[in-house]
1. Quick one: putting +1 on the C-beta of Lys and Arg, -1 on the C-beta of Asp and Glu, what dipole do you get for region 262-365 around its Cα centre, in Debye to the nearest 20?
2. If you average 1/r over every pair of different alpha-carbon atoms in region 88-240 and take one over that average, what Kirkwood value in Å do you get?
3. Can you put Thr218, Thr26, Thr439, Thr260 in order of Cβ neighbours within 10 angstrom, beginning with the fewest?
4. Can you tell me how region 262-365 classifies by the Cα gyration tensor, rounded, prolate or oblate, using a/c under 1.5 as the rounded cut?
5. Would you kindly state how much longer the chain becomes between Ser557 and Met60 on full extension, computed as 0.36 nm times their sequence separation minus their alpha carbon distance, in nm to one decimal?
6. Please work out how much length the chain gains when fully extended from Thr108 to Asp355, using 0.36 nm per residue of separation minus the C-alpha to C-alpha distance, in nm with one decimal.
7. Taking amide H positions as placed 1.01 Å from N in the peptide plane, with prolines and chain starts having none, which residues 5 or more places from Val446, or on another chain, fall under 5 Å of its amide H?
8. Given (i) 40, 35, 25; (ii) 42, 28, 24; (iii) 35, 27, 22, which label gives semi-axes √(5λ) of the Cα gyration tensor in Å as computed from the coordinates?
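We did not get these values from a lab; they are worked out from the coordinates using the rules stated. Since we're looking at a predicted model, the values are computed, not measured. Backbone-built Cβ (ideal geometry, glycine too); neighbour counts: all protein chains shown.
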Amino acid sequence: MTAASAGSSASASVRRLAAPAPGWTTTADVVVVGSGVAGLTTALRVRAGGLRVLVVTKAMLDEGSTRWAQGGVAAALGEGDTPEQHLADTLVAGAGLCDEDAVRMLVTEGPGAVRRLIETGASFDTDAEGEILLTREGGHHRRRIAHAGGDATGAEISRALVEAVRDDEGIELIEHALVLDLLTDAEGRTAGLTLHVMGEGQRDGVGAVHARAVVLATGGLGQIYSATTNPAVSTGDGVALALRAGAEVADLEFVQFHPTVLWLGPDAEGQQPLISEAVRGEGAHLVDADGVRFMVGQHELAELAPRDVVAKGIIRRMAETGAEHMFLDGRHFGAQMWEERFPTILASCRSHGIDPVTDLIPISPAAHHASGGVRTDLRGHTSVSGLYACGEAACTGVHGANRLASNSLLEGLVFAERIAADIIERDRLGKLAPRHEDTTRPVEVVPLLAAESRAEIQHVMTRGVGVLRSAASMADAVERLAALAESEPETEKREPVQVETWEATNLHLVASALAAAALLREETRGCHWREDAPDRDDERWRRHLVTTLVDGTLRISE
């Protein structure tokens, strides 16, 4: 991936969500939006450089997406493993679209970043000699997944980072706050942002934060689908903000559907329980209702093939047998292994009336991880000066067309450290100067969709741009999304503005951009699977699709 440019020119007008004027203001050197591994690591490392940091999070500090991660963090920490081997596995999973320089940086700097995370307070599972226990997941030819609490890695990483942030008096927190739009100066450079604080307190309602740099670490966009492993707050707010600010986004069409999500029935919607890939890494099998291991023979790694391969295998078998789901069989583990290695998953299954010790686990794919996002270079710069992106909200080039299992936490760690180092260095050189918001340019107000639109957006995307896609299904989705925006009543007729209306509007913009990019890519690659174009086409499509919002119109360049 070509590095994003370091600056952008100012446009004739700025696009912002319809919102009340800010009723309060505050300042910080750096604003970090998001409280997952990417956001909190960035905040801690920037703070270590002596700068004032403000962390904005949509829920509570410890409710970022990171806490839901079960499997672990991938890094070449084991005997005999090397960054080169990790590089090779990542490139294979990325199906020809990884930025090899970005991946090499990730796997080379990854082990050190994990060790620094341990120094921050994270405790990984170890053997009797104190060595970190490692497991395997899909696409990995080595045991290189470090885990904590058996299957509660994200929760442990979140705990350690949250404690470190709360202990640092130089980091200010604003919880229960939805970020709205970027503030820019006369040259289009970052000058801060606007946000809305929910609840009672000194900073209720819409406010403005004036800052020298803004880091988007807002997580994923899984809530554009009816069924996802993402929490309810994952509404693509960072990607939507970046688009309105004129930033480039890339690879949006590559949404990874996790193969093994607990099937709760045909009408289940919202966040669904994840069954970690580590369960298969420890030897669980995928079977159909007759007990046939259908992934055997489809790939050399069978159930441990890359996620797109396994998800396709499950969908194919469902179509062949007419079943609504497949099964995961871990009965041979025994009670002790389930209780010690996968206590979180065991409890989740049992809460839904399924006992993995004695029962097959019904599973089906669900939206899980966005490989694309706000386009960055190797230092986290977006195409808007002073705006950085990190974690799942970013497109760094390391995932390509399909993320390798457990590379996401590593990406958050490594790029957070690189962003922090860049900000500190720019401050040292006097390049991180305060910017003053340009209030002279006209503001184009983006009308808001009704909160009820969220469900319709999800249904449209699930039907048309889900695991299986075609030109017809995606064209229908694009048309329906456009019609939904046109049918909405005028913003001023829908008062008062609610958080749900901003979220629905963000979802609509991100869904529209994703559907348009997916329709344009006429091939099957990674987790983008088109029934009407089933082959990978390197001659035409071994390139990235970059989306921008120009005068209110989505434009995609190849």
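1. Details: 9 positive and 16 negative charges, 31 e Å.
In total the dipole reaches around 140 debye.
2. Working: mean 1/r = 0.0520 Å⁻¹.
Every distinct Cα pair counted, the radius reaches 19.2 Å.
3. Working: Thr218 38, Thr26 15, Thr439 8, Thr260 28.
If I rank by nearby Cβ atoms, fewest first, I get Thr439, Thr26, Thr260, Thr218.
4. Values: a/c = 1.69, a/b = 1.22, b/c = 1.39.
It is oblate, given that a/c is not under 1.5 and a/b is not larger than b/c.
5. On the way: separation 497, 0.36 × 497 = 178.92 nm, distance 3.78 nm.
Taking 0.36 nm per residue and subtracting the Cα distance, the gain is 175.1 nm.
6. Here the segment from Thr108 to Asp355 would lengthen by 84.9 nm.
7. Arg16, Leu17, Ala18
8. After the calculation, the listed value that fits is (iii).
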